[in-house]
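The values are calculated or read from the model by the stated rules, or taken from the named source; none is laboratory data. Quick caveat: nothing in here was measured; it's all calculated off a predicted structure. A quick note on method: Cβ atoms are made from the backbone with ideal geometry, for glycine too, and the neighbour counts reach across all protein chains shown.
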Amino acid sequence: MFTLIENIINSIDSILSNKLRATLSMLGIIIGVSSVIILTAIGDGSKQTILDKVEEMGTNMLTLTSGGFGSINSKSQQTFSLNEKTLKSLENISGLKAVLPIISGNGQVIFEKNNSQSQLQGVTKNYFKDRNVEIIAGNDISQENIDNYDKVAVIGQDVLTNLFNGENPIGKKIKYSNNIFEVIGVIGENSQLSNTIFIPISTASIRILGQKNYSQIIIYVEDSTKTTQKQEEITQNLIDLYSITNTQSLPFRIINQSQMLSSLSSITETLTMLLSGIAGISLLVGGIGVMNIMLVSVSERTKEIGIKKALGALKIDILLQFLTESSLLSILGGFIGILFSYFVVYILSIYDINAIISIKTLIISFCFSLGIGIFFGILPAYKASKLRPIEALRFE
């Protein structure tokens, strides 16, 4: 215990007496540790952002769109469309919480001198309730609005900001595709729907876009654990409904949010590991830097080593002294690297870049830096311990 404390004190004295050399030794470790932590934090932050957006839509959500992967050959496949026939068939399937048809388009929305390039969605009654989207001001689209083909709109947060600068928009008129709409409501924060204006589906179909078929149908499953099962059931239902013979080239596709969540998690984890591995190379380079500086230190302190050996110091004492010094350099470098990582992550947060530093990442990075210090300190320490006292004392 006493020897360890003595080695630590001697190592600190050596570091303080050669500040420039110590700084150069630690620089590679600092860069390596901070690179691993920062890149891992960015990877974890990106993963969390993606997962939050997917979960915001709901892991029990399926999205049905027309058009599949591959060519459409048979006549029966060419007759497929997202229409009332499709909608009613889906509504008869048990275990579905909500079936929401949507007619959508894109265009410029104008209010006085302000404009916003936004998405238009024609929706049904209870669309927001079924999607768990809050109306924070005004009213929802009613069945009466749909029956009367009313030109009324509920707007998202980005549209509110772009057109009204956050002021109360209720009752004001906006223009979309030469049509005037009265704003009757505003939805709360929702990253997927913030740049959207919502109008009655009948108005979108007949008065605005002139299309009877739906752009997509959003389906919510009652039991999220059965989402994939219901996806298969819906697929078979549509195959039977439209007498589709070529099941290898379906004229529709169903996007499963749960499967998407799993795929995205796997991709982001792989990307994070790749980035961390690349950063880990810089940590290895830093370890080589520590070794080179320690070898220089051994050469400079040859006479000191000779005196210690002449006074009775054993090989193990010299070995432990230099190993302690290289380990201490790596510990200090790792600690500074961690502090620098937190500083960089703070700067990134100012620019709305999500980066998450986990305790696991900190522990692994710190332990790895210590391991690097010990591993790359072995050669210089071994070289120092092998010096013979007489030769060391003659060294100039």
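What do you reckon, is Lys75 of a type in the set (Lys, Arg), over 21 Å from Phe343 (Cα atoms) and modelled with pLDDT under 70?
For Lys75, the condition - of a type in the set (Lys, Arg), over 21 Å from Phe343 (Cα atoms) and modelled with pLDDT under 70 - is met.
For residues that are more than 22 Å from Ala98 (Cα to Cα) and either surrounded by fewer than 16 Cβ atoms within 10 Å (Cβ to Cβ) or free of Cβ contacts under 8 Å to residues at least 60 places away in the same chain (or both), tally how many sit in segment 112-135.
Of all residues in segment 112-135, those more than 22 Å from Ala98 (Cα to Cα) come to 112-119.
Narrowing the set further to residues that are either surrounded by fewer than 16 Cβ atoms within 10 Å (Cβ to Cβ) or free of Cβ contacts under 8 Å to residues at least 60 places away in the same chain (or both) leaves 112-115, 117.
The number of residues fulfilling the criteria is 5.
Just a yes or no: is a residue in segment 272-279 β-branched (Val, Ile, Thr) and assigned to a loop (DSSP other than H, G, I, E, B)? If you could, list the steps in order and put the result at the bottom.
Here is the first cut: in segment 272-279, the ones β-branched (Val, Ile, Thr) are 272, 278.
Keeping just the survivors that are assigned to a loop (DSSP other than H, G, I, E, B) gives none.
There is no residue in segment 272-279 that is β-branched (Val, Ile, Thr) and assigned to a loop (DSSP other than H, G, I, E, B).
What are the pairs, 6+ residues apart or on separate chains, where a residue within segment 366-383 that is in the same structural domain as Gln321 (by TED's automatic domain parsing) has its Cβ under 6 Å from a residue that is among the hydroxyl-bearing types (Ser, Thr, Tyr) and assigned to a helix (DSSP H, G or I)?
Ser369/Ser330; Leu370/Ser330; Ile372/Ser330; Gly373/Ser326; Gly373/Ser327; Gly373/Ser330; Ile374/Ser327; Gly377/Ser326
Mind telling me which of the residues Ile305, Ile347, Ile336 ends up being at pLDDT below 85, in the same structural domain as Leu39 (by TED's automatic domain parsing) and in a helix (DSSP H, G or I)? Walk me through it before giving the result.
Working: Ile347 fails: at pLDDT below 85; Ile336 fails: at pLDDT below 85.
Exactly one of Ile305, Ile347, Ile336 is at pLDDT below 85, in the same structural domain as Leu39 (by TED's automatic domain parsing) and in a helix (DSSP H, G or I), namely Ile305.
Only one of these is surrounded by 13 or more Cβ atoms within 10 Å (Cβ to Cβ), at pLDDT 75 or above and farther than 30 Å from Glu233 by Cα: Ile30, Ile9. Name it.
Details: Ile9 fails: surrounded by 13 or more Cβ atoms within 10 Å (Cβ to Cβ).
It is Ile30.
For segment 226-244, which residues satisfy the criterion of being in a helix (DSSP H, G or I), touching a helix residue (DSSP H, G or I) at 6+ places or on another chain (Cβ under 8 Å) and surrounded by fewer than 17 Cβ atoms within 10 Å (Cβ to Cβ)?
So in segment 226-244, the residues in a helix (DSSP H, G or I) come out as 226-241.
If we keep only those that are touching a helix residue (DSSP H, G or I) at 6+ places or on another chain (Cβ under 8 Å) too, we end up with 227-228, 234, 237-238, 241.
Of everything in segment 226-244, those that are in a helix (DSSP H, G or I), touching a helix residue (DSSP H, G or I) at 6+ places or on another chain (Cβ under 8 Å) and surrounded by fewer than 17 Cβ atoms within 10 Å (Cβ to Cβ) turn out to be Thr228, Asn237, Leu241.
For segment 136-152, give me each residue that is more than 15 Å from Thr124 (Cβ to Cβ) and assigned to a strand (DSSP E or B).
Ile136, Ala137, Gly138
Checking Ser349 against (1) surrounded by fewer than 20 Cβ atoms within 10 Å (Cβ to Cβ); (2) in contact (Cβ under 8 Å) with a residue 24 or more places away in the chain; (3) not acidic (Asp, Glu), only one condition comes out false. Which one?
Going through the list (1) surrounded by fewer than 20 Cβ atoms within 10 Å (Cβ to Cβ); (2) in contact (Cβ under 8 Å) with a residue 24 or more places away in the chain; (3) not acidic (Asp, Glu), Ser349 breaks only (2).
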